[in-house]
């Protein structure tokens, strides 16, 4: 199982960071290797189903997930939980917390753990895991700067 846990304080509000991450249908505009992203069905204000298509060269896979959102309010942290439904993974667990910090800033608490069904893909993922995570985190930070600075 590959796991990454990170906490980072950013100069944006919890609402801004929550809005950026909750806009799954915009990921293809900025997230590395994301070829397409869409929200398929909104079950309620706090639950929707989404697909991401990720790819690199000849590799292309679709991931379907249930996304549960709880926006920040006042001093209350916001939260996004992703429940994996279908795709090339054996397991995926992903959550985001958007914690109010000093001076209107936000501490983002992010964790992801996953395992591919295919052992060859999992082996490749292990080799490039840290670089992939670094690029993804950088892409979200750059998108926040682009939208909110």
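The values are calculated or read from the model by the stated rules, or taken from the named source; none is laboratory data. Nothing here was measured: the structure is a model prediction, and the numbers come from that model. In this analysis, Cβ positions are derived from the backbone assuming ideal geometry, glycine residues included, and neighbour counts consider all displayed protein chains.
Hey, among the residues in region 96-121 that are within 19 Å of the chain's Cα centre (by Cα), surrounded by 15 or more Cβ atoms within 10 Å (Cβ to Cβ) and farther than 20 Å from residue 11 by Cα, which one's modelled with the highest pLDDT?
112
From 2, 10, which residue is buried (at least 18 other Cβ atoms within 10 Å of the Cβ) and in contact (Cβ under 8 Å) with a residue 60 or more places away in the chain?
On the way: 2 fails: buried (at least 18 other Cβ atoms within 10 Å of the Cβ).
Result: 10 is the single residue among 2, 10 that is buried (at least 18 other Cβ atoms within 10 Å of the Cβ) and in contact (Cβ under 8 Å) with a residue 60 or more places away in the chain.
Restricting to region 7-33, name every residue that is touching a strand residue (DSSP E or B) at 6+ places or on another chain (Cβ under 7 Å) and modelled with pLDDT under 95.
33
Determine, yes or no, whether residue 70 is in contact with a strand residue (DSSP E or B) (Cβ under 8 Å, 6 or more places away or on another chain) and closer than 22 Å to residue 133 by Cβ. Can you show your working first?
On the way: in contact with a strand residue (DSSP E or B) (Cβ under 8 Å, 6 or more places away or on another chain): yes; closer than 22 Å to residue 133 by Cβ: no.
Taking the combined requirement at face value, the residue does not satisfy it.
Quick one: how many residues across region 23-35 are within 30 Å of residue 102 (Cβ to Cβ) and surrounded by fewer than 19 Cβ atoms within 10 Å (Cβ to Cβ)? Explain how you work it out, then say what you get.
Initial filter on region 23-35 (within 30 Å of residue 102 (Cβ to Cβ)): 23-24, 26-27, 30-31.
Restricting the remaining residues to those that are surrounded by fewer than 19 Cβ atoms within 10 Å (Cβ to Cβ) gives 23, 26, 30-31.
Of the residues in region 23-35, 4 are within 30 Å of residue 102 (Cβ to Cβ) and surrounded by fewer than 19 Cβ atoms within 10 Å (Cβ to Cβ).
Taking region 36-57, which residues are surrounded by fewer than 18 Cβ atoms within 10 Å (Cβ to Cβ), part of a strand (DSSP E or B) and at pLDDT 95 or above? Talk me through it step by step, then tell me what you get.
The first filter runs over region 36-57 and keeps only residues surrounded by fewer than 18 Cβ atoms within 10 Å (Cβ to Cβ), leaving 36, 38-47, 49, 53, 55-57.
The next check asks that each one be part of a strand (DSSP E or B); those that pass are 36, 38-44, 47, 49, 53, 55-56.
Those that are surrounded by fewer than 18 Cβ atoms within 10 Å (Cβ to Cβ), part of a strand (DSSP E or B) and at pLDDT 95 or above: 36, 38, 39, 40, 41, 42, 43, 44, 47, 49, 53.
Working only within region 133-149, note down all residues that are in contact with a helix residue (DSSP H, G or I) (Cβ under 8 Å, 6 or more places away or on another chain) and either surrounded by fewer than 17 Cβ atoms within 10 Å (Cβ to Cβ) or at pLDDT below 85 (or both).
Taking region 133-149 first, the residues in contact with a helix residue (DSSP H, G or I) (Cβ under 8 Å, 6 or more places away or on another chain) are 140, 143-144, 147-148.
Correct list: 147, 148.
Cβ contacts < 7 Å: first residue touching a residue at least 60 places away in the same chain (Cβ under 8 Å), restricted to region 113-141; second residue surrounded by 15 or more Cβ atoms within 10 Å (Cβ to Cβ) and assigned to a helix (DSSP H, G or I), any location; separation 6+ or different chain. Result?
So the pair list comes out as 115/122; 140/20.
Tell me which residues, restricted to region 58-71, are under 17 Å from the mean Cα position of the chain (by Cα) and either free of Cβ contacts under 8 Å to residues at least 40 places away in the same chain or outside any strand (DSSP E or B) (or both).
Listed by number, the residues that qualify are 61, 62, 63, 64, 65, 66, 68, 70, 71.
May I ask you to list the residues in region 75-102 that are in contact (Cβ under 8 Å) with a residue 12 or more places away in the chain, over 23 Å from residue 55 (Cα atoms) and not in a strand (DSSP E or B)?
Scanning region 75-102 gives 75, 77, 101.
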